[in-house]
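Data block below; observations after.
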Amino acid sequence: MNTMIGKTVVEAENQRREAALREDYASLGERLARRGVDIDAIKRKVAAYGVAVPSWGVGTGGTRFARFPGKGEPRNIFDKLEDCAVIQQLTRATPNVSLHIPWDKVSDISELKQKGAALGLGFDAMNSNTFSDAPGQAHSYKYGSLSHSDAATRAQAVAHNLECIDIGRQLGSKALTVWVGDGSNFPGQSNFTKSFERYLDAMKSVYAALPEDWRVFTEHKMFEPAFYSTVVQDWGTNYLIAQELGPKAFCLVDLGHHAPNVNIEMIVARLIQFKKLGGFHFNDSKYGDDDLDTGSIDPYRLFLVFNELADAEALGAEGFEPAHMLDQSHNVTDPIESLMTSAMEVCRAYAQALLVDRAALDGFQQDNDALMATETLKAAFRTDVEPILAMARLEGGGAIAPVATYRASGYRARVAGERPAVAGGGGGIV
Ligand SMILES: [Mn+2]
């Protein structure tokens, strides 16, 4: 397998930190043992955990105002896979890449598959794009795609999704994620019921083309690019879609796609209860769909989401297999550093959620002891699980300190010499 960063760099960086890590791990292990928790069991679960990286995340994003390209940005999907391989090599938490069509479209799909295999990367859910026009396409998506008033435009959007399934099938992907920008900017511009009927009708054609072992994830979003109404607005609409389509259809929760202060962890619990949670797009936000780095604004909310997931895992919820993916836009940081940090934040929230004393929590809930119930969650959240994460990385062949190791490797400067700056490149705020 090809490694993007020299093993001697990783080993030298790890060597400087290993003794301290072993001390910290032993100390944390003692403290957790007092709470009846086996640190090695938690570490094994964290080591087995993975969150997919979106191919578009490794390019610098942008806002509606401007995009400021970074040095050595990937020029195409092959460069993107190499950057994704750096993230996986150092964090050991991102074994799969989620592709976006047409941004990642290639003439020879087997070449792409081989590149992934050579880098030790698999392919996660495929993402279709009917929120912008591809060069030369017959019908514009300016006024919508799967819900468009024009049948030919809807048919074109369906055909694009079928193409994504076909490419994904050849790559070994097992899921399609559909997010549409369809909606309206003015009251009266579109008929809510008719546009949703058209959307459902089009999605039924996409659903019918799913291979037997595939799932389709529909992603809701409250606003943007449409600012008055969106066709797939909220989790309730999303649940209706999954119900209408059938057993292979699930809801995808992007943490940034809700109104401010919405209780996302409760939405997650509802979708788990009714067996329709398909997966996540992790990111963080302060105001809207900010696509900031996961855990950078509200790590407690991320923990509370993972608390619901760990609860379902502990109960052995039937058919519970959500897909986890990052979905962020990096405007002021090196995308590789942001994605590594974010992947580690997701692992941290998972590890903390595994520390929740569920029997004690259940007892406090039964007794209506609100204070002790919430303190039970806080006790897990306050635990510094970094030694667990770092040990899982070290034992998996990764880096104890991924960002420091990445900086020491000089990877960005090296690729900057090989990759001339490009103005366009697929990326942005999705
Ligand atoms: Mn998303």
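Computed from the coordinates by the stated procedures, all read-outs in this text should not be read as laboratory data. These numbers were taken from a predicted model, which means no experiment stands behind them. Ideal geometry is used to build each Cβ from the backbone, glycine not excepted, and the neighbour counts take in all protein chains shown.
Structure summary
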{"quantity": "Among D254, D291, D133, residue whose mean-square fluctuation peaks in a GNM of the chain (springs only between Cα atoms under 10 Å)", "calculated": "D133"}
{"quantity": "Label point distance in nm, Q366-A413, each placed 7 Å from Cα along Cα→Cβ", "calculated": "6.2"}
{"quantity": "Mean ellipticity per residue at 222 nm, deg cm²/dmol - from DSSP H runs of n ≥ 4 across the chain, formula -39500 (n - 2.57)", "calculated": "-15500 deg cm²/dmol"}
{"quantity": "Once exposed loop trypsin sites (Lys or Arg not before Pro) are cut out (DSSP; at most 14 other Cβ, 10 Å), longest piece of the chain", "calculated": "143-274"}
{"quantity": "Against the rule of thumb 2.2 N^0.38 Å, how large the Cα Rg of the chain comes out", "calculated": "0.99"}
{"quantity": "Most positive-pole-ward Cα, Q365, A310, A351, against dipole of the stretch 301-407 from beta carbon charges", "calculated": "A351"}
{"quantity": "Phi to ³J(HN,Hα) by Karplus 6.51 cos²θ - 1.76 cosθ + 1.60 over the stretch 297-314, Hz, x for Gly, Pro", "calculated": "10, 9, x, 5, 5, 4, 4, 5, 5, 5, 4, 5, 5, 5, 4, 5, 5, 5"}
{"quantity": "Where labels lie 7 Å past Cα in the beta-carbon direction, separation of V106 and R270 in nm", "calculated": "4.1"}
{"quantity": "Longest exposed-site-free window of the chain, the sites being GluC sites (Glu not before Pro) in a DSSP loop that have at most 14 other C-beta atoms within 10 Å", "calculated": "1-211"}
{"quantity": "Potential lengthening between A151 and D234 on full extension [0.36 nm per residue; Cα-Cα distance subtracted]", "calculated": "27.4 nm"}
{"quantity": "Set of lysines with alpha-carbon distance to K71 below 30 Å, sequence-local pairs under 8 removed", "calculated": "K7, K80, K105, K113, K115, K286"}
{"quantity": "Selected from P335, P260, T383, residue furthest toward positive end of dipole (the chain; charges at beta carbon)", "calculated": "P335"}
{"quantity": "The stretch 330-390, dipole about Cα centre (Lys/Arg Cβ +1, Asp/Glu Cβ -1), debye to the nearest 20", "calculated": "40"}
{"quantity": "Dipole magnitude of the chain, debye to nearest 20 (Cβ charges: Lys/Arg +1, Asp/Glu -1, about Cα centre)", "calculated": "640"}
